[in-house]
Amino acid sequence: MNLRKIVAIVFISFCSLTAVFAQAEKPDALKLYNQGNYRDAIAVCETELASNPNNLDSYSVLCWALIANGQYLEAETRAQDARRINSYDVRIIEVLGEAKYYLGKLDDALSLFQRYVSSVPENAGRLGKVYYLMGEIYIKQARYEHADISLTMAVRIERNTAAWWARLGYAREMTKSYASAIAAYDQALVLNPQLSDAARGKTRCQSHIR
């Protein structure tokens, strides 16, 4: 093998290693988000979008992080930007619904959530939360039977969230289904014995069936 070929092989190997190290050192926005480093995740996503304005992966994580950081109006704006790129991306539909929920735009949020749940499989990562938020909307609208259905779905998907069980108990209590309300409150208290909303709700229901 002559010297020119050796130099070429070394150069190619060096470039490959450089690319690997560069990729390894690149910040991972989703990892930052999952670690609770929302501001850093936002910054990384904005950098990614500056390079690739059509990157819906970056938009999704950006909006999740904005909501987790309490920046609901910014999340709504950026999710609307993403929907102009692809109005069918279920991640964007869901996160726009969340933003509108926290901004008090409940009818818009409910419409987006309904579209989301009808479009995703049962193992979708944010399905439980969406059903929970739908339940909260129905409670605010005094549509307690609808709330019962949505919250039942929420706790079926994510069984270990005590606050969701307590809200399910409340929805059932409002329909005067006291025995099933107590069952939901009991499950909430199993998961979190200090949950005062569940304890008070259970006491109220028991007073109706004695």
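Scanning the range 106-124 for residues that are among the charged types (D, E, K, R) and part of a helix (DSSP H, G or I) turns up Asp107, Asp108, Arg115.
Residue by residue through the range 72-94, note down the ones that are touching a residue at least 24 places away in the same chain (Cβ under 8 Å), surrounded by 15 or more Cβ atoms within 10 Å (Cβ to Cβ) and not aliphatic (A, V, I, L, M). Listed by number, the residues that qualify are Tyr72, Glu76, Asp89, Arg91, Glu94. Within the range 170-187, the residues that satisfy the criterion of being open to solvent by 60 Å² or more (accessible area, probe 1.4 Å) and closer than 21 Å to Lys140 by Cβ are Tyr170, Met174, Lys176. Of all residues in the range 126-137, those that are among the hydroxyl-bearing types (Ser, Thr, Tyr) have Cβ atoms under 6 Å from Cβ atoms of residues that are in a helix (DSSP H, G or I) and surrounded by fewer than 22 Cβ atoms within 10 Å (Cβ to Cβ), 6 or more apart or on another chain, in Tyr131/Met153.
Please indicate, with yes or no, whether at least one residue in the range 121-128 is surrounded by fewer than 16 Cβ atoms within 10 Å (Cβ to Cβ) and among the acidic types (Asp, Glu). Yes: the range 121-128 contains one or more residues that are surrounded by fewer than 16 Cβ atoms within 10 Å (Cβ to Cβ) and among the acidic types (Asp, Glu). Of the residues in the range 89-105, how many are farther than 19 Å from Leu49 by Cα and part of a loop (DSSP other than H, G, I, E, B)? Total meeting the criteria: 3. Of all residues in the range 59-71, those satisfying the criterion of being assigned to a helix (DSSP H, G or I) and either of a type in the set (Asp, Glu) or surrounded by fewer than 22 Cβ atoms within 10 Å (Cβ to Cβ) (or both) are Ile67, Ala68. When Ile149, Ile182, Ile137 are screened for being of a type in the set (A, V, I, L, M, F, W, C), part of a helix (DSSP H, G or I) and farther than 27 Å from Gly97 by Cβ, only Ile182 passes. When Ala171, Ala109 are screened for being within 17 Å of the chain's Cα centre (by Cα) and small (Gly, Ala, Ser), only Ala109 passes.
The values are calculated or read from the model by the stated rules, or taken from the named source; none is laboratory data. Model, not experiment: these values are computed from the prediction. With ideal geometry, Cβ positions are generated from the backbone for all residues, glycine too; neighbour counts draw on all protein chains shown. For accessibility, only protein heavy atoms count, side chains too; no ligands or nucleic acids. Shrake-Rupley method; radii C 1.70, N 1.55, O 1.52, S 1.80 Å.
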